[in-house]
Amino acid sequence: MSNIYDLIIKNGNCFTNNSLTQTDIGIKDNRIIKIGLINESGNRVLDAKSLTIIPGAIDTQVHFREPGNPDKEDLESGSKAAILGGITSIFEMPNTNPATDNFERFQDKLDRAKNRMHCNYAFYFGATENNFEFIKKTTNLEGCCGIKMFIGSSTGTLLVKKDEAIEEVIKISPRVVSIHSEDDDLLQKKKILIEKGNVKTHPVWRDSEVALTSTKKVVSFANKHKKRIHILHVSSKEEIDFLSNNKKYVTVETTPQFLTLFAPDCYEELGTLAQMNPPIRTKDHQVVLWKRLLDGTIDVLGSDHAPHTLKEKQKTYPESPSGLTGVQTMLPIMLDHVNNKKLSFQRLVELLSINPCKIFNIKKRGEIKEGYFADLTIIDMNLDFKITNDWIASRCGWTPFNNKIVKGFPVGTIVNGKIASWDKKIVDTKFGKPLEF
């Protein structure tokens, strides 16, 4: 007689119905089919005693550099980094080479991902100033998490600069428009503030005025057309305070980097390894970001994982490219903040598991619930772990958090009912599937 369950997870402290309860989880055919005491047998049994189980953590902002730059990252290596960091699903960005801005290139990404990715995945469709007809037809595009619009120059060629084009993308999109919000005219004007060889001038050039001007504009367009937008990697106090009173059609994302590192210290310690767009700012900005994280203004955390090789990063500023690794370290860094009483465990689960599914309408994920897909992140809240470059699975092989000791660590990642990683090692591989919306 065959076993009822493919996998049973016993004795875990499970986050269900907004609280932690010690219980068992029975999994069959990629789904959770029972939560409660299980006495039957399973093909595999995991003892999760003294471990905490949350709905699979989701990283809503990664750049896996495929196609175009496999020396920095590809879909396989990036997804390996994800599961080693407790991430079960990712949203991947369209500023690849070539950019993901038509249906042929979007399908190419899906084809590349099939049977190669260790975690689940969805891809953003990139907005340009002349692909409106494509954007209108993304309503039922399989594997598409939304439209991504860069309105400030960053890595790659995707840029929507004219106000009328920015408004049109928001107006016509059938999906959430996620926005890299920096005003490009101001960026160009303020380039005179860049000091060659001095990366500390990165946040002086890309200052909070650049971010706030852009964000006020896109929020006005969202309100005018009653369309939903998602502001990515918010880093400035002025911008987040403005957003706290302007959320009718707006959701907000920030990164663990902005909550953990601050200028000028990070630039003194890391140099160009701390350079990203928008930039890491001074401590006063971080203080306000934490305030808005706790009051609910910030809805989601995304890593903005954007790898470059060490050789590239070691170029003289501003020739050095912007972008940090993050998909593998996001959850350990945030668990350390939970242990340091900076935020509650429940709030972290909302930011990484529950809210991404609500905002982007991901089907049957984001909760530990019977009938839902068995995406689970298993955590040891008492484990001390030293993050090091040699632990990083990304092709670029470095992290801004090298040698940082954190308390709280994801010891297991379950993807579609399969043990993808356990005890810092890959177990079953490449069971990732496109997310459904």
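The values are calculated or read from the model by the stated rules, or taken from the named source; none is laboratory data. All figures in this text were calculated on a predicted structure; none of them were measured in a lab. All Cβ positions, even for glycine, are placed from backbone atoms using ideal geometry, and neighbour counts span all protein chains on display.
The table below lists the values:
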| read-out | value |
| --- | --- |
| In the range 23-63, the residues that are in contact (Cβ under 8 Å) with a residue 60 or more places away in the chain and part of a loop (DSSP other than H, G, I, E, B) | D29, N30, A48, S50, L51, G56, H63 |
| Residue satisfying condition, being farther than 27 Å from C144 by Cα and either polar (S, T, N, Q) or outside the structural domain of K247 (by TED's automatic domain parsing) (or both), within set S353, S303, S344, S322 | S344 |
| The range 312-336, residues that are of a type outside the set (A, V, I, L, M) and closer than 17 Å to N402 by Cα | K313, Q314, G323, T325, G326, Q328, T329, P332, D336 |
| Residues (out of contact with any helix residue (DSSP H, G or I) (no Cβ under 7 Å at 6 or more places or on another chain) and modelled with pLDDT of 95 or more) located in the range 145-161 | K148, F150 |
| Some residue of the range 35-50 being touching a Gly at 6+ places or on another chain (Cβ under 8 Å), at pLDDT below 95 and of a type in the set (D, E) | yes |
| Residue that is nearest to the chain's Cα centre (by Cα), among those in the range 358-402 that are among the aliphatic types (A, V, I, L, M) and closer than 22 Å to I38 by Cβ | L376 |
| Odd one out for A374, checked against (1) outside the structural domain of T255 (by TED's automatic domain parsing); (2) farther than 17 Å from C14 by Cα | (2) |
| G12 being at pLDDT 95 or above, of a type outside the set (S, T, N, Q), within 27 Å of A393 (Cβ to Cβ) and not in a helix (DSSP H, G or I) | yes |
| Within the range 289-370, helices (runs of 4 or more DSSP H) holding 2 or more residues that are surrounded by 19 or more Cβ atoms within 10 Å (Cβ to Cβ) and among the aliphatic types (A, V, I, L, M) | 330-339, 345-349 |
| Which listed residue is farther than 21 Å from N355 by Cα, in a strand (DSSP E or B) and among the basic types (K, R), from K407, K430 | K407 |
| Residue match in the range 396-407 (condition: of a type in the set (G, A, S), surrounded by 18 or more Cβ atoms within 10 Å (Cβ to Cβ) and either in contact (Cβ under 8 Å) with a residue 12 or more places away in the chain or closer than 29 Å to H230 by Cβ (or both)) | no |
| Test for P410: is it under 23 Å from Q22 (Cβ atoms) and crowded, with 20+ Cβ neighbours inside 10 Å | yes |
| Some residue of the range 229-248 being in contact with a Phe, Trp or Tyr (Cβ under 8 Å, 6 or more places away or on another chain) and part of a helix (DSSP H, G or I) | no |
| From the options G146, G78, residue that is in contact with a Phe, Trp or Tyr (Cβ under 8 Å, 6 or more places away or on another chain), in contact (Cβ under 8 Å) with a residue 24 or more places away in the chain, at positive phi and in the same structural domain as V219 (by TED's automatic domain parsing) | G146 |
| D59 being surrounded by fewer than 24 Cβ atoms within 10 Å (Cβ to Cβ) and of a type in the set (D, E) | no |
| Residue check, L259 of a type in the set (A, V, I, L, M, F, W, C), surrounded by fewer than 22 Cβ atoms within 10 Å (Cβ to Cβ), touching a helix residue (DSSP H, G or I) at 6+ places or on another chain (Cβ under 9 Å) and more than 26 Å from I151 (Cβ to Cβ) | no |
| Sole exception among (1) assigned to a loop (DSSP other than H, G, I, E, B); (2) under 19 Å from I426 (Cα atoms) for S79, by number | (1) |
| Odd one out for C119 among (1) surrounded by fewer than 19 Cβ atoms within 10 Å (Cβ to Cβ); (2) at pLDDT 95 or above | (1) |
| Residue that is surrounded by the most Cβ atoms within 10 Å (Cβ to Cβ) [pool: residues in the range 377-393 that are hydrophobic (A, V, I, L, M, F, W, C) and either assigned by TED's automatic domain parsing to the domain that holds T260 or part of a strand (DSSP E or B) (or both)] | I379 |
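Let's see how each residue does on (1) more than 16 Å from the chain's Cα centre (by Cα); (2) crowded, with 19+ Cβ neighbours inside 10 Å; (3) within 20 Å of V327 (Cβ to Cβ):
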| site | (1), (2), (3) |
| --- | --- |
| V218 | yes, yes, no |
| F221 | yes, yes, no |
| L232 | no, yes, yes |
| S235 | no, yes, yes |
| N246 | yes, no, no |
| T251 | no, yes, no |
| D265 | yes, no, no |
